[in-house]
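Sharing a structure here in structure tokens format.
Rule-based calculations on the coordinates, nothing more; no lab input. Here the structure is a predicted model, which is why all the values come from computation and not from measurement. In this analysis, Cβ positions are derived from the backbone assuming ideal geometry, glycine residues included, and neighbour counts consider all displayed protein chains.
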Ligand code: KG4
Ligand code: ZN
């Protein structure tokens, strides 16, 4: 019995404490996100110990708020879903421990969800949410995987740049890893480039906004073709990303590398003396003692010269171009007629418009989550749990955090 199909999702894998109630993987009743950005901003990145402490503070009020906004009680729920990995161990443990205790106290089943699968379901949920807005949520509501066609999914965030083939088989989603980054994630490159330019954290939204004011053709950044076998001897590289999945059997055409462009930006900045120009103005704006809590885009623009804006626009054009080239090549080679783009970087405006234009040109379907569903949230976790509830695929009582959890084969 799955009752009304009401699932409480809980997410705490990085720097957002989130809870949401989603019905049948297709209708969002509430989605609450407590961001820790202000805690980590002054360090220019997420500090794991601080993240755990903030999750501990936020988890109870966030779950209460999600239930209150959905206007339901614990007794009305059919299951509890929680992110079990990948992510920061201490941060994941807060959500998992809370979810386990709540499931035990309420005798509800607990469903473990892979964070990356969650990001993929953020897109599917968004599409079904629009559908269920038009019709009554019923047994026949779309949401069962068999209603869907296979898709090429690009998960592009601060921690991941992964390509998967997502296939609905026997009413559950199956994932095959197709490509991934060998080093930095695309969002990490955005954050590092923003940091070296003295911009705020996280850097993606600042680069997105400032890039609109620069010439994207000013600096010719190039991504070279990756020859895995040659430079790695067929072995996985010793990087953070290497822990998440093997690369030996992946087509090198679908592998990414973003550490090179970060170094190229640094060299360009040094050679053209861009760090000293307006640097003090930018640092004062983002980290100075009298820095405003939320600098405006006008203030950020006033702190950048045209060569810096041109560099930012050129960096973004190169990164988005590389993501596009490999995603569309993978879709073509796997014969996927549909592309899902998700994760924090999927909020990027240039990425959305260029993927949309290219998909139209190739007669493919491309979908993104809403902007709020692009970054970490718990609605995507509750949505990903729905096929598991149908399948009665529940977590073992000894469920624990798996910081390097892999998605798919
Ligand atoms: O999915 P997410 O919230 O957390 C992870 O799972 O990593 O993604 C956060 C990442 C950060 O690197 C942030 O800079 C990037 O997404 N990001 C963006 C934009 N908004 C967030 N990158 C480019 N353009 C944006 N508009
Ligand atoms: Zn994420």
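On a 0 to 90° scale, report how tilted helix 379-391 is relative to the longest principal axis of the chain, with both axes built from alpha carbons and the result rounded to the nearest 10.
It is inclined by approximately 40 degrees.
How high is the relative contact order of the chain, in percent, with contacts defined as C-alpha pairs under 8 Å that are six or more residues apart?
Numbers: 841 pairs, mean separation 108.7, N = 409.
Normalised by residue count, the contact order of the chain is 27 percent.
Angle check, please: helix 259-271 long axis (alpha carbons) against the longest principal axis of the chain (alpha carbons), in degrees 0 to 90, nearest 10.
30 degrees
Relative contact order for the range 1-73: what is it in percent, counting Cα pairs under 8 Å that are at least 6 residues apart? Can you show the working numbers first?
Values: 104 pairs, mean separation 22.4, N = 73.
Computed value for the range 1-73: 31 percent relative contact order.
In degrees from 0 to 90, rounded to the nearest 10, what is the angle of the helix 89-106 Cα long axis to the longest principal axis of the chain?
Roughly 20 degrees, rounded to the nearest 10.
Now, a different point. So what's the gap between the Cα centers of the range 177-221 and the range 351-394, to the nearest angstrom?
First find each Cα centre; the distance between them is then 22 Å.
Just want the ordering: 42, 180, 349, from fewest to most Cβ atoms lying within 10 Å of their own Cβ. The partial results should precede the final answer.
On the way: 42 11, 180 22, 349 14.
Placing the least packed residue first, the sequence is 42, 349, 180.
At 25 °C and a viscosity of 0.890 mPa s, what translational diffusion coefficient does Stokes-Einstein give for the chain, taking Rh as the Kirkwood radius over Cα pairs? Give it in µm²/s as a whole number. If you can, show how the numbers build up before the last one.
On the way: Rh = 21.8 Å.
Translational diffusion coefficient: 112 µm²/s.
Can I ask one more? Take every DSSP beta bridge with both residues inside the chain and express the antiparallel ones as a percent of the total, to the nearest 5. Show your work: numbers first, answer last.
Details: 28 of 45 bridges.
That works out to approximately 60 percent antiparallel.
Output the Kirkwood hydrodynamic radius of the range 48-111, Cα pairs only, in Å rounded to one decimal.
Details: mean 1/r = 0.0803 Å⁻¹.
With all distinct Cα pairs of the range 48-111 included, I get 12.4 Å.
Taking 41 Å as R0, compute the FRET efficiency from the Cβ-Cβ separation of residue 42 and residue 171 and round it to 0.05.
My answer for the efficiency is 0.30.
Moving on to the next point. Nearest 500 deg cm²/dmol is fine: what mean residue ellipticity at 222 nm does the chain get from its DSSP H runs of n ≥ 4 alone, each adding -39,500 (n - 2.57), divided by its residue count? The partial results should precede the final answer.
Values: 14 runs with 178 residues, N = 409.
Roughly -13500 deg cm²/dmol at 222 nm, from the helical runs in the chain.
Test of understanding: ordering 327, 13, 290 by Cβ neighbours within 10 Å, fewest first, what list do you get?
Values: 327 27, 13 31, 290 6.
Fewest-to-most Cβ neighbours within 10 Å comes out as 290, 327, 13.
Based on other C-beta atoms within 10 Å, arrange 22, 123, 62, 269 from fewest to most.
Details: 22 32, 123 28, 62 24, 269 20.
Exposure proxy ranking, most exposed first: 269, 62, 123, 22.
Give me Rg/Rg_expected for the range 1-116, where Rg uses Cα atoms only and Rg_expected = 2.2 N^0.38 Å with N residues.
On the way: Rg = 13.9 Å, N = 116, 2.2 N^0.38 = 13.4 Å.
Rg over 2.2 N^0.38 Å, computed on Cα atoms: 1.04.
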